[in-house]
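Please treat every number below as a calculation from the coordinates, not as lab data. Values in this document were obtained by computation on a predicted structure and should not be read as measured data. Positions of Cβ are backbone-derived with ideal geometry, glycine not excepted, and every protein chain shown enters the neighbour counts.
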Amino acid sequence: MSNFFEKSDLSRSEAENIISDTLKKCDDGELYLENSKSENILLDDNRIKNSSYSSDLGFGFRAVSDEVVAYSHSNEISKNSLKQSSENLRSTLKSAKGTYNKSIPKSNKRYYENINPIEEKTLNSKIKILNKVNEYLRSKDNNIKQVTANFSGEQKSIEIIRSGGESLTDVRPLIRFNVSVMLEKNGRKETGVYGIGGRQSYDSYLKEDNWKNVCDEALRIASVNLESKPAPAGEMKVVLGPGWPAILIHEAIGHGLEGDFNRKKTSAFHNLMGQKVASEGVTIIDDGTIDNRRGSLTIDDEGTPTEKTVLIENGILKNFMQDRLNARLMKTKSTGSGRRENYRHIVLPRMRNTMMLNGNQTQEEMIKSVDKGIFAVSFGGGQVDITSGKFVFNCTEAYEIINGKIGSPIKGATLIGDGPSILKEVSMVGNDMMLDPGIGTCGKAGQGVPVGVAQPSILINKMTVGGTKL
């Protein structure tokens, strides 16, 4: 754990005094200290193309009065920089007359180890594995034209100091391993991409069988896409596979259940609390408490312990995801969902691991029930309008369904719809829930944070599919 005052002319007690003095008439606020170390190693075209290491140290100082947020940050932890930030906050909140709310529940439960994954494995050993990945894949198929593989690792130490000297700390490891394969056959090129990651050491993911499985999956997806035909278009039934396809729930529904959009009444769900918003049997939660998962947190970036938040239960809207500011203004409690990309950014209510829970049906039953439709196994990029919930998603692996059977792979399928409508079109929920492999990053207001998703297979009765078939 970093000692943020060890090499500074600012002592902890001086910092506590400045914090308490600055926030005494505010509704909320904190000093957020962060020390992060990160690396990225990239192999491409048979060689290591890039290897980088960076470290960053700094603080963000926040004061909140009613719904006005004053924020100042610096990459220098010193007496002068904190005093300057304090003056900036005071000038922004001249009329602050609130009562500082210092209550934060405590928890000793941790969901990942206090490790630095970057230092647990040497640079040479990581490069050696990337070269093995390249050799392994190129030996498997003569049609491979390009192999790209990369490791990224991070350790982030944080401390949150609140008025009165209350201190909360966390050390967050994070790694990711990605492989991309391009195949060319008869003049046609297709790519397959796969990756794994989470809040563990590299060794947890890079035992030989594990990295080979990642390679095999990327190659399989590229091979499937090489045999694909143009996707059909029109309104049809869609079966979503388990695991990563829950990114559609994350984007089209999850964002609409974040507190700030609902407080400002810009979400399609803002006035539907306690009402039926989904088919019976649809239960969606946002869970920050799953061990070692990419979206899990011991405490959020305000110091609140994370929890398992039930958002929709058997079709009924139960909760929104809340940070402290939006919870206070909406007269409810924080769900431990206050997150920021780093010390330069303000806190926003954000998702952690967003999941649809198991139902009772099987994927086989769903496929059999579809005369004509598609089976979507994986997604790439998408676009969402939070206000309406409208979305467009590109399928990176999908198949046609004809007369209750999975047919040919299809290319160029896009799923088009809106989150609130799609929730009501779910007619079957599977019993095969899977977590995603651990590579998700969510963007909001210019900030990216690591997240996870999970779901079982689901059948959506009616959905617009954009295709490329003439």
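Assign one of three labels to the stretch 350-435, namely rounded, prolate or oblate, based on the Cα gyration tensor with a ≥ b ≥ c the square roots of its eigenvalues; rounded applies when a/c is under 1.5, prolate when it is not and a/b is larger than b/c, and oblate otherwise.
Oblate.
Figure the gain on full extension for Glu227 and Asp9 (residue separation times 0.36 nm, minus the Cα-Cα span) and round it to one decimal in nm.
72.1 nm
Just to confirm a number: summing +1 for Lys and Arg and -1 for Asp and Glu over residues other than Ala445 whose beta-carbon lies under 12 angstrom from that of Ala445, what do you get?
Local net charge: +1.
How much net charge surrounds Val133 when only other residues with a Cβ under 12 Å from its Cβ are counted (Lys, Arg +1; Asp, Glu -1)?
Within the 12 Å Cβ shell, the charges total +2.
In deg cm²/dmol, rounded to 500, what helix-only [θ] at 222 nm does the chain give when every DSSP H run of at least 4 residues adds -39500 (n - 2.57) and the total is split over its residues?
-5500 deg cm²/dmol
Here is the link list: Lys265/Lys390; Lys49/Lys132; Lys265/Lys424; Lys24/Lys106; Lys25/Lys94. Which ones come out longer than 18 Å on Cα distance?
Lys265/Lys424; Lys24/Lys106
Can you compute the modelled spin-label distance between Ala445 and Glu184, with each label point 7 Å from Cα toward Cβ, in nm?
Taking the simple label geometry, Ala445 and Glu184 are separated by 4.6 nm.
Within 10 Å, count the other beta carbons around each residue, average over each peptide in 318-329, 221-232, and list them highest first.
Output ranking for 318-329, 221-232: 318-329, 221-232.
For a protection proxy built on the mean count of beta-carbon atoms within 10 angstrom, sort 124-134, 153-163 highest first, please.
153-163, 124-134
Once you keep just the Cα pairs under 8 angstrom separated by 6 or more residues, what percentage relative contact order results for the chain?
Averaging sequence separation for qualifying contacts and normalising by length gives 16 percent for the chain.
Quick one: length gained pulling Tyr53 to Ser20 fully straight, 0.36 nm per residue minus the C-alpha distance?
Full extension of this stretch gives 8.3 nm more.
Sort Thr441, Thr122 so the one with the fewest other Cβ atoms within 10 Å of its own Cβ comes first.
Ordered from fewest to most neighbouring Cβ atoms within 10 Å, Thr441, Thr122 come out as Thr122, Thr441.
At most 13 other Cβ atoms within 10 Å and a DSSP loop assignment: could you name the GluC sites (Glu not before Pro) in the stretch 276-315 that fit?
Qualifying residues, ordered by number: Glu280.
What number comes out for the charge environment of Asn403, summing +1 per Lys or Arg and -1 per Asp or Glu over other residues with Cβ under 12 Å away?
That sum, taken over residues with Cβ under 12 Å, equals +1.
Tell me whether the chain comes out rounded, prolate or oblate; compute the Cα gyration tensor, take square roots of the eigenvalues as a ≥ b ≥ c, and use a/c under 1.5 as the rounded threshold.
oblate
So for Glu365, Glu34, Glu6, fewest C-beta neighbours within 10 Å to most, what's the order?
In order of increasing Cβ crowding within 10 Å: Glu6, Glu365, Glu34.
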